[in-house]
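Notes follow once the structure below has been shown.
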Amino acid sequence: MRLFERILGARFEALAPEVQALHRQVGIKEGEISLRASPIMQLFGFPPPCKDAPLWFGTREEEHVAIWRRQIKDRELRSEVWQSGDLVVERMGVVTITSELVIAHGALSQETRGVRFMDMPLPRALWPRVTAREWGAAGTYHFKIEVRAPIFDVVLLAYEGWLRP
């Protein structure tokens, strides 16, 4: 049983088949991504803006920690994802976000429950606003993520695309 199956339990079956397939399998998936990254996010390793760029997404699990690797253009983004009770935790570089997984109409979204920067908890007023949604359509897994600055409400990062499960 893989990470999201463990966290969601029986609710996992309510996900669209394409979303289930992505979270059940380890290995490499390919697709496309369109991305807007602010200069601040580019300092953290995100590639410059791109449209319909090739995306390579690899997953594996080690000791109940999922390692996610995304190859976009010439950049590789790596994150570690694990379970904390009924929540999912993702660490990418110096930022760690804890989220609740929510299912509606077969789609999966994440609601932020905590943010750490350099392993220090941030007060809620400083949390970035993250919108993350995954869904399936016509046999393809789709995703859309947006991260907004907490104070000025500007988009720090936005990306969307698809993968073949």
Search result, residues across the stretch 21-47 that are without any contact (Cβ under 8 Å) to a residue 12 or more places away in the chain and either under 19 Å from Gly161 (Cβ atoms) or small (Gly, Ala, Ser) (or both): Gln42
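Condition check: within 13 Å of the chain's Cα centre (by Cα), under 18 Å from Thr131 (Cβ atoms), assigned to a strand (DSSP E or B) and not aromatic (Phe, Trp, Tyr). Does Val102 satisfy that?
No.
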Filtered residues of the stretch 68-87 (kept if loosely packed, with under 15 Cβ neighbours inside 10 Å and within 23 Å of Arg113 (Cβ to Cβ)): Arg78, Glu80, Ser84, Gly85, Asp86
Criterion (surrounded by fewer than 17 Cβ atoms within 10 Å (Cβ to Cβ) and over 17 Å from His142 (Cβ atoms)) met by exactly one of Leu43, Leu8, Leu3: Leu43
Count of residues meeting criterion [out of contact with any Lys or Arg (no Cβ under 9 Å at 6 or more places or on another chain) and part of a loop (DSSP other than H, G, I, E, B)] in the stretch 47-70: 1
Scope the stretch 19-38; condition over 17 Å from Gly139 (Cα atoms) and among the polar types (S, T, N, Q); matching residues: Ser34, Ser38
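Going through the stretch 119-164 one residue at a time, which ones are of a type in the set (Lys, Arg) and at pLDDT 95 or above?
Arg124, Arg129, Arg133, Lys144, Arg148
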Pro17 being under 22 Å from Ala149 (Cβ atoms) and either in contact with a Gly (Cβ under 7 Å, 6 or more places away or on another chain) or not small (Gly, Ala, Ser) (or both): no
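The values are calculated or read from the model by the stated rules, or taken from the named source; none is laboratory data. Treat the numbers as computed from the prediction; the structure is a model and nothing was measured. Neighbour counts run over all protein chains shown; Cβ positions are idealised from the backbone, glycine included.
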